[in-house]
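In what follows, a single structure is set out as structure tokens and then discussed.
Any read-out appearing in this document is the output of simple, stated calculations on the displayed coordinates, not a laboratory observation. The model shown is predicted, which means the values in this text are computed figures rather than measured ones. Backbone-built Cβ (ideal geometry, glycine too); neighbour counts: all protein chains shown.
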Amino acid sequence: MILASPTSFKGRPAWTGTIFDLTERKQAEKRIVELAFFDPLTGLPNRRLLEDRVDQLIADAERERGSLALLVLDLDRLKRVNDSLGHSVGDQLLCAASVRIKRVVRKIDTIARKSGDEFVFVLPGVNAEGAAETARALLEACAQPFIINGHELNVLSSIGISLYPEDGSDFEHLCKNADLAMYQAKEAGRQNYQFYSQSMNTATLEHLFIEHGLRQALAADQFL
């Protein structure tokens with residue numbers, strides 16, 4: 001940045017100014033934004049930025065009477081990789097998976113890392129048929145072996161899908177219902193996708209939530 005003002009030098013018009021180097025300040029501001037809105041491992045938007053984008057896309061869809069699909073993808077067997085080969089290899093696997101799944105979706109779609117092994121996809125203007133097509137492409141992409149540090153790693157994926165406006169009118173409901181559908185996909189044997197349905201059995205869903213919670217508690221060593 002340059003601040004200057006007119007003056008004179010030996011009777012001739014001149015300018016005096018001060019130059020400020022803002023490089024470090026701009027880099028610091030950029031880093032703050034990255035930490036606030038992006039996942040530090042994969043560089044994908046985090047939940048905070050995801051929610052903001054979904055709210056905007058829902059507003060657009062409501063105004064134009066359009067559609068929206070939200071997909072939750074869970075990478076199975078990541079814990080096994082972390083336990084057997086170390087978290088460094090697991091992190092590299094997550095990064096490799098994020099690169100691969102980016103190639104499947106369109107530029108206008110949003111991909112975010114929701115948690116350790118879960119990714120969220122927001123597809124504006126997409127109906128059930130389009131969401132299913134994307135889900136199949138994602139499953140196929142993740143099913144291909146990953147080569148990490150000389151190790152050939154195979155992972156399975158489970159995908160849950162919710163649709164706007166049928167399955168929710170805000171981020172929280174769409175995300176929760178896609179999660180329910182994803183748990184149902186796991187129960188069905190993994191490596192498949194399921195659409196959210198209100199007819200899903202309540203007892204089955206409670207069982208899935210308990211099982212999922214127990215697995216997370218075991219992984220976090222929260223039992224005494």
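Highest mean first, the peptides 138-145, 76-83 sorted by other C-beta atoms within 10 Å per residue fall in the order 76-83, 138-145. Helix 23-37 and the longest principal axis of the Cα set of the chain meet at an angle near 20°. Short-range pairs are left out: with C-alpha atoms under 8 Å and at least six residues apart, the relative contact order of the chain is 18 percent.
Near K114, the amide H atoms lying under 5 Å from its own belong to F119, V120; only residues 5 or more places off or on other chains count, and H is placed 1.01 Å from N. In the chain, helical runs assigned H by DSSP with n ≥ 4 each contribute -39500 (n - 2.57); averaged across all residues and rounded to the nearest 500, the mean residue ellipticity at 222 nm is -16000 deg cm²/dmol. Per-residue Karplus couplings for the range 57-64, computed as 6.51 cos²θ - 1.76 cosθ + 1.60 with θ equal to phi - 60°, are listed in order as 5, 5, 4, 5, 5, 5, 5, 9 Hz, Gly and Pro entered as x.
Between helix 171-187 and the chain there is an angle of about 40 degrees, using the helix long axis and the longest principal axis of the Cα atoms.
Across the range 209-216, computed HN-Hα scalar couplings (Karplus, 6.51 cos²θ - 1.76 cosθ + 1.60, θ = phi - 60°) run 5, 5, 4, 4, x, 5, 5, 5 Hz from first to last residue, x flagging Gly and Pro. Where does helix 128-143 land angle-wise versus the long Cα axis of the chain, in degrees 0 to 90, nearest 10? The answer is roughly 90 degrees.
Just to verify a number: FRET efficiency for K102 and L214, C-beta to C-beta distance, R0 = 25 Å, to 0.05? List each step's numbers first, then the result.
Details: r = 32 Å, r/R0 = 1.30.
The value I calculate is 0.15.
Shown in residue order for the range 105-113 are the 3J(HN,Hα) couplings computed by the Karplus curve 6.51 cos²θ - 1.76 cosθ + 1.60 at θ = phi - 60°: 8, 7, 5, 7, 7, 10, 10, 9, 9 Hz (x for Gly and Pro).
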